[in-house]
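Structure record follows, encoded as structure tokens.
The values are calculated or read from the model by the stated rules, or taken from the named source; none is laboratory data. Here the structure is a predicted model, which means the values were calculated and not measured. Here Cβ is always computed from backbone atoms with ideal geometry, including for glycine, and neighbour counts include all displayed protein chains.
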Amino acid sequence: MAVELKKEGDFAVLTLNRPEALNALSFSILRDIGRALDEVAVMKDIRALLVTGAGDKAFCAGADIKELRGRALVDQKRGAELGQSVFARLHSLPVASVALVNGYAFGGGSELALACTFRLASPSAIFGLPEIKLGLIPGYGGTQRLPRLIGEGRALEIIMTGRNVKADEAELIGLVNAIAEGDLMEVGREFAGKFTRYSLPVLECARRAVQRAGDVTLDEGLRIEADLSTLAFRTADAEEGMAAFEEKRKAEFKDG
Ligand code: CAA
């Protein structure tokens with residue numbers, strides 16, 4: 001299977017498994033990722049999704065270039081829309097996702113990582129949106145998510161030069177949350193464990209509020225925050241959290 005989905009304890013783990021082509025995203029793999037994400041959305045007892053690539057060389061080298069040449073324009077547009085809609089599903093899953101970038105993350109591979117809630121990189125990870133070198137521009141969300149994450153000037157420079165961004169620079173500019181020394185999967189679990197012990201519906205409220213910050217005016221964003229913070233306040237977990245504070249004990253959240 002070119003896309004594997006497993007449940008490991010509290011986590012769903014999605015692995016791109018096409019190492020012979022550096023986990024490049026054929027349209028068939030994109031559709032498989034979409035199906036796997038639909039499963040993740042209804043999985044019971046998972047608290048986060050970890051996304052990684054098989055092999056020690058690449059997270060994902062981007063769209064499958066061999067499939068792109070000679071396509072009709074209408075097919076190309078449908079392809080971009082497919083990639084965008086699959087990555088939008090990832091972005092808005094009910095649980096947070098962490099990209100474990102274990103090598104090259106180029107083009108659609110960087111865009112896959114950008115659609116995750118968080119990104120961790122191995123010290124040898126290399127990011128890039130090299131589409132310009134192919135006479136193309138990013139088409140799976142990169143032109144929209146990268147500037148929201150690292151700012152317009154830096155995003156444009158990376159997209160217009162197509163240059164590589166090594167892990168240490170990626171950390172410096174906020175493209176990744178951290179560089180992971182040691183076993184990437186283990187570090188990913190530890191990283192996610194720092195938030196997955198909290199209430200899932202309340203975590204989702206936080207994520208939804210922050211995700212809207214880049215899309216709306218400050219006034220509208222503040223209205224969204226007022227609504228979502230009130231929704232969080234209505235949960236039994238909020239009652240438990242505040243009671244635990246007053247009773248000087250550890251809160252026991254039940255995801256309700
Ligand atoms: N599509 C299809 N096949 C790919 C691929 C891709 N994006 N990237 C790598 N491969 C294949 C290679 O063709 C090669 O296969 P063969 O052995 O059959 O020739 C195999 O993976 C190993 O790759 P290399 O021999 O090239 O490995 P390398 O270590 O010399 O180089 C690399 C690694 C620098 C990542 C290089 O493979 C490369 O530049 N890949 C293309 C990266 C790229 O341009 N990505 C953007 C794609 S366009 C896009 O993603 C648009 C979008 O917005 C969605």
Exercise for the section: Could you tell me whether region 37-56 includes any residue that is among the basic types (K, R) and farther than 28 Å from K254 by Cα? Expected result: no
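Select, from I158, I132, I137, the only residue that is part of a loop (DSSP other than H, G, I, E, B), aliphatic (A, V, I, L, M) and farther than 28 Å from E252 by Cα.
I137
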Handout entry: Candidate set from region 126-153 (those that are among the basic types (K, R) and either farther than 22 Å from G103 by Cβ or within 10 Å of the ligand (Cβ to nearest atom) (or both)); member that is surrounded by the most Cβ atoms within 10 Å (Cβ to Cβ)
Key = R148
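If you check D45, D64, which single one turns out to be within 12 Å of the ligand (Cβ to nearest atom) and either assigned by TED's automatic domain parsing to the domain that holds S28 or of a type in the set (S, T, N, Q) (or both)?
Values: D45 fails: within 12 Å of the ligand (Cβ to nearest atom).
Just one listed residue meets the conditions, D64.
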Problem - Candidate set from region 68-87 (those that are modelled with pLDDT under 95 and closer than 26 Å to P19 by Cβ); member that is nearest to the ligand (Cβ to nearest atom) - result: L68
Problem - Filtered residues of region 161-189 (kept if charged (D, E, K, R), closer than 24 Å to K133 by Cβ and in a loop (DSSP other than H, G, I, E, B)) - result: R163
Completion exercise
The number of residues in region 88-122 that are within 16 Å of the ligand (Cβ to nearest atom) and farther than 21 Å from K44 by Cβ is 21
Practice task
Kindly establish whether V86 is in the same structural domain as M43 (by TED's automatic domain parsing), within 14 Å of the chain's Cα centre (by Cα), farther than 24 Å from I173 by Cα and without any contact (Cβ under 8 Å) to a residue 60 or more places away in the chain.
Solution key: yes
Problem - Residue match in region 67-78 (condition: within 26 Å of P123 (Cα to Cα) and without any contact (Cβ under 8 Å) to a residue 60 or more places away in the chain) - result: no
Exercise for the section: Only residues that are of a type outside the set (G, A, S) and either modelled with pLDDT under 95 or touching a Pro at 6+ places or on another chain (Cβ under 6 Å) (or both): list them for region 213-225, please. Expected result: D215
Handout entry: Residue count, region 26-42 (criterion: small (G, A, S) and away from the ligand (no atom under 14 Å from the Cβ))
Key = 3
Completion exercise
Within region 11-25, the residues that are at negative phi and within 6 Å of the ligand (Cβ to nearest atom) are A21, A24
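State all residues of region 205-229 that are part of a helix (DSSP H, G or I) and among the small types (G, A, S); if no residue qualifies, say none.
Here is the first cut: in region 205-229, the ones part of a helix (DSSP H, G or I) are 205-212, 218-229.
Answer for region 205-229, where residues must be part of a helix (DSSP H, G or I) and among the small types (G, A, S): A206, A209, G221, A226, S229.
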Problem - Filter pass, V202 being part of a loop (DSSP other than H, G, I, E, B), of a type outside the set (D, E) and surrounded by 16 or more Cβ atoms within 10 Å (Cβ to Cβ) - result: no
